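Accompanying notes for the structure given below.
The values are calculated or read from the model by the stated rules, or taken from the named source; none is laboratory data. Computed from a predicted model, the values in this text were never measured in an experiment. Virtual Cβ from ideal backbone geometry, glycine too; neighbours counted across all protein chains shown. With ligands, DNA and RNA removed, areas are computed over all heavy atoms of the protein, side chains included. Shrake-Rupley method; radii C 1.70, N 1.55, O 1.52, S 1.80 Å.
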Amino acid sequence: MAKRKAASMFERMEELNRGFLLDASSAHAAAALQASAKLAAAPPAPSAPAPAPPGAVIRPLRLDAQEAARRHERRARFQEELAVGARAAGVGQRETLVQARRAGAAAEGRSTALEREFLRLTALPALEDVRPPGLLAESLALVKARWVQDHDYAYACAQLKSIRQDLTVQHVTSPLAVGVYETHARVALEAGDWAEFRQCHAGLLRLWADGADEVVPGSADEFEAYGVLLAAAGGAASRQASALGAELRGAAARCAARGTGPGPMLRHALASVAAHRAGNWREAARLAAAAPRMASYCLDLLRPGLRDHAFAAILSAYATEVELGTLAPWLGFATLKAAARWLRGQGAVVTRGCLDVRASRQGVRARRAAPECNGREGA
């Protein structure tokens, strides 16, 4: 009985499988028929071009006078159409300085704006955006007057950079260019913007190489001195020595090229550097008191290290008291109040307008030992 039930079950399963296979084969056949119908209805693919005969050669178009004239006429027609479209859109084609030079015309700006914001160039400057040298001289006078009146360094720096840019794109290396770079360098020196000063100093070196210093007496000597002082004050000891050596060699070569020796400002700078490097703080203080023009701004960068050396020498040389009136010039301070404030910051004891040497020695030792003690306690 059980065998009959199993046989009937297998027979039903076989019938189901045969029906499934028949349905699948009919669906596959229908899909195949549809694909063949689409293929028959599609347009025939383009046949590949027939290969050229073995002897055929494709020759380039001959460019004779007639063909050249036709191309020139077509190019001019296209340019005219572009110009008409630009005028219709309110955009004009502006002539640049480079185009003016190529055409042999005067490559001078046509702008009438006395002041202009400084923007870095992203395209060739147009004549309408650049001020001519005559107007730039008036702009320089305006910036000088505003600097004396307002002392606004951001305004002065931006305007002077825009003037320098207009001079550069017009290839101007006249005394006007020297005056602009000198003015910007002095303003940056007074504001303590050493990066901008170095850019102006490098620009002056290029102008001097073109002989521009011949019409501005004394400027080369002044800025050679500033360059030497800044080289002596910058960076670590090894980098400082390398920069100072390079600056001294460059200054000597430029003096030889001009056929002149070091001027008074350069000699003062060389003596100041020698006094600072030798630790001769009294001579350095004497030279700082007699610093010409704006050299004192550069000497301020040399004073901190020499001031520490001078203070240590004073504590070693004196036994009891030293008046602040004597110490202030040695330490490079213009007022007694500033000298007393700095001395107290070092741990010194100042009473009744005098430095108490014995108490200051103990105070300095205690101040120097305090960080070490704090470090041991924290450990």
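Which of A370, V349, G332 sits closest to the plus end of the dipole of region 318-371, meaning its Cα is farthest towards the positive end, when Lys and Arg get +1 and Asp and Glu get -1 on the C-beta? With unit charges placed on the Cβ atoms, the residue in question is A370.
Overall, region 318-371 carries a charge dipole of about 260 debye about its Cα centre when +1 sits on the Cβ of Lys and Arg and -1 on the Cβ of Asp and Glu, all other atoms neutral. Averaged over its residues, region 318-371 has an accessible area of 58 Å² per residue, based on protein heavy atoms and a 1.4 Å probe. Between D210 and A256, the simple spin-label model (points 7 angstrom out along Cα→Cβ) gives 2.6 nm. Averaged over residues, the count of other Cβ atoms within 10 Å places the peptides 157-163, 129-135 in the sequence 157-163, 129-135, highest first.
What ranking, highest mean first, results for peptides 265-278, 282-295, 357-370 when packing means the other Cβ atoms within 10 Å averaged over each residue?
Packing proxy ranking, top to bottom: 265-278, 282-295, 357-370.
Residues C354, C200 ordered from highest to lowest accessible area at a 1.4 Å probe: C354, C200.
Within the accessible surface of region 318-371, defined with a 1.4 Å probe on protein heavy atoms only, the carbon and sulfur portion equals 53 percent. Computed in the context of the full set of protein chains, the accessible area of region 108-221 at 1.4 Å probe radius has 55% of its extent on carbon or sulfur.
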